[in-house]
Structure formats: C-alpha cells, structure tokens
Amino acid sequence: MSLTRRQWLGRGAAALAAGSIMLRVRAQPEVAVPKTATWPFSISLAQWSLNRALFGGQMDHLDFPKAAKQEYGIDAVEYVNAFFKEKTAPAYVAELKKRCDDLGVRSLLIMCDGEGALGDPDEAKRRTAVENHHKWVEAAKSLGCHSIRVNAQSEGSYDEQQGRAADGLRKLCEFADGHAINVIVENHWGLSSNGNWLSGLMRRVDHRRCGTLPDFGNFDPKEYDRYRGIEDLMPYAKGVSAKSYDFDEAGNETMIDYARMIKIVMAAKYHGYIGIEYEGKRLSEPEGILATKRLLQRLRDEITDVVKEP
C-alpha cells in the first residue's frame, strides 16, 4: 500500500473489534453533492491515480483534465494540492478552469495535504492551519468544485483529538460557507481511520458544510473493519473514493469487495460521484485506472436498467 501522500499522518487508530453494525441511513445533507439524472452514480478520476507520472514529470498538472477525458473517457476530476501547491495564483487557476471548460470536464474537489493540523493542540497553530486552507477554498470556488478534502489530524486522547479537530473544522467550515464550498474529511489514517471516531467528529462539528469522503482502502483491517467504516461514514458523504490496488483475471479488486462496497454506498442513497484512486504497483497507472473504471461500470450496470454509456 502506497502511503506517499500520507507520510505526515500517523497510523495510530484505536483498536476496535471488527463486526457488523446496522447501517445508519438518512437523507443526504442539505448541501447536496452533484448528481446525474440517469445513472445511480457517476465516475470521476482522482489525480493521485497518476501520481507517478506527475511526480516524475511525464505529465503536467494542467494536462490532467485532458488525460482524464481523452485517455480514460472520464469527464469529472479530483485534484491533489501537492501537484500545484505553489501555483494558486488567480491566473493559473483560471487557465486550469479554461482547459476544463474547453474539454467539458467538471472539477469536483481538491484534496489538501501538508497545510498544518486542523486539530493541533496549540490553538495558534490550529488557527494557522485553518488559515492555510483558505487559499484552497478560494481555488476550489474558482474552479467550480463543490468541496475541499482535508485531514482531521490531531494529537492527544481519543476525546481530545475529536474536540480539537472539531474546533478547527468548524472554523474552516464557517469560512468556506461564504464561498459555498464544502469541507470534507477522508478516513486518512490516524484516528480518522476509525469510523466511529470520524462519524462522531461529524456530529460534533455540526455544520452543513462539513462531511466525509469515505475511502474504500484507508482502513487497517487489524484495527477497523473497512466495510463497517464505510457504513459509519456514508451518512455524511459528499463524495466517495474508490481505492484500488490490484485485480484478478475476472476483473475484481483483490483486496476489497467492490460489490459489497457499492451496496453500502447505494443503501445510503448516495448518487454523486465515485472517484477512481488507483494505488497499485503491478499494473501501470493507465491499466489500473481502466481496470477500476471497468469494475465500477460493471457493478453500476448490474443495478440499473438503462443503456450503457458509450
């Protein structure tokens, strides 16, 4: 499992016994996620799926929307701030927006890392972390995104971390509300990969702009059952991340039961985008992206009566 994007996050989630729980289904939040009229869910591409090409200089950040549309047939994208962290000037963001508009590609969200801990024990550092995210809220607004994805990083006890992260998140949500941008938290190691902790954090923040980005892969099975975790987080989901690593000859993901995951997502009445985030090593990035897309399309076809997309 590649953790390059997550090195600064700990993996100290409190150990809990895995087991089945009742799925808490409720209506989607007041601030809706993008939906389509035909399909039960749509497919987007997370930029991290091409991290080797981007870090290696084989692809420029501005060309990511073109690759998504022309190479993979995907017209909605999710950015990672690491690939344009020093390029948030209005002119650069406007160029990216123009390229998306010319291609008919929709920008959904920006995944934000490395801007400080929103749950830092030091109140001044926590305030700085919140302020560091302001530029990403503004960039997301300019691009037409619905959200930025942040980390609920903190230190201390279970309750202390939840309280500190809730304080930082709420302050950021209050700023983002003025820009009509959501602030969503991914299960991204540390206590955020404890579904009970993160769902409790959502209730504690209690802000219409705050939600989750459930990731199929970011759970340590020894500490928290991944299917239980997705059930925990789906009631607050404003996006879904379809992590993938490898595939068998039948096209099924070898580490994650995708059919089970999609059933959980559909049971929560989620009809937004599910983003491909390939992190495998055996297949190339293009092969892994296309394998994940085929699997999602197959499962989508099985739960709909409409004609397949061209």
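The values are calculated or read from the model by the stated rules, or taken from the named source; none is laboratory data. Because the structure is predicted, anything quoted here is derived from the model rather than measured. All Cβ positions, even for glycine, are placed from backbone atoms using ideal geometry, and neighbour counts span all protein chains on display. Please note that ligands, DNA and RNA were not included when accessible areas were found on the heavy atoms of the full protein model with its side chains. Shrake-Rupley method; radii C 1.70, N 1.55, O 1.52, S 1.80 Å.
Of all the residues in segment 219-262, those that are over 21 Å from Ser44 (Cα atoms) and of a type in the set (Gly, Ala, Ser) number 2. Residues in segment 74-91 that are open to solvent by 40 Å² or more (accessible area, probe 1.4 Å) and either free of Cβ contacts under 8 Å to residues at least 12 places away in the same chain or of a type in the set (S, T, N, Q) (or both): 4 in all. Being among the aromatic types (Phe, Trp, Tyr) and under 22 Å from Gly239 (Cα atoms) holds for only one residue in Phe55, Phe83, and it is Phe83. Restricting attention to segment 59-85, the residues being under 21 Å from Ala176 (Cα atoms) and either in a strand (DSSP E or B) or not basic (Lys, Arg) (or both) number 7.
Go through segment 124-140 and give me each residue that's in contact (Cβ under 8 Å) with a residue 24 or more places away in the chain and under 17 Å from Arg164 (Cα atoms). So that I can check it myself, show each step before the final result.
Going residue by residue through segment 124-140, those that are in contact (Cβ under 8 Å) with a residue 24 or more places away in the chain are 126-127, 129-130, 133-140.
Across segment 124-140, the qualifying residues are Arg126, Arg127, Ala129, Val130, His133.
How many residues, within segment 92-106, are touching a residue at least 40 places away in the same chain (Cβ under 8 Å) and open to solvent by less than 50 Å² (accessible area, probe 1.4 Å)?
So in segment 92-106, the residues touching a residue at least 40 places away in the same chain (Cβ under 8 Å) come out as 93-94, 96-97, 100, 105-106.
Narrowing the set further to residues that are open to solvent by less than 50 Å² (accessible area, probe 1.4 Å) leaves 93, 96, 100, 105.
Matching residues across segment 92-106 total 4.
Being at pLDDT 95 or above, loosely packed, with under 13 Cβ neighbours inside 10 Å and polar (S, T, N, Q) holds for only one residue in Gln58, Gln47, Gln7, and it is Gln58.
Candidates are the residues of segment 153-189 that are open to solvent by less than 40 Å² (accessible area, probe 1.4 Å), in a helix (DSSP H, G or I) and in contact with a His (Cβ under 7 Å, 6 or more places away or on another chain); the one that is nearest to His133 (Cα to Cα) is Leu172. Would you confirm whether any residue within segment 129-151 is more than 20 Å from the chain's Cα centre (by Cα), exposed (fewer than 15 other Cβ atoms within 10 Å of the Cβ) and either assigned to a loop (DSSP other than H, G, I, E, B) or not polar (S, T, N, Q) (or both)? The answer is yes; a qualifying residue exists. Can you tell me which of (1) open to solvent by 10 Å² or more (accessible area, probe 1.4 Å); (2) in contact with a helix residue (DSSP H, G or I) (Cβ under 7 Å, 6 or more places away or on another chain) is the one Ser192 doesn't meet? Answer for Ser192: the failing condition is (1).
Considering segment 187-222, the residues that are of a type in the set (D, E, K, R) and touching a Ser or Thr at 6+ places or on another chain (Cβ under 7 Å) include one that is modelled with the lowest pLDDT, namely Asp220.
Among the residues of segment 86-114, write down those that are farther than 24 Å from Tyr273 by Cβ and of a type in the set (D, E, K, R). Hits for segment 86-114 are Glu86, Lys87.
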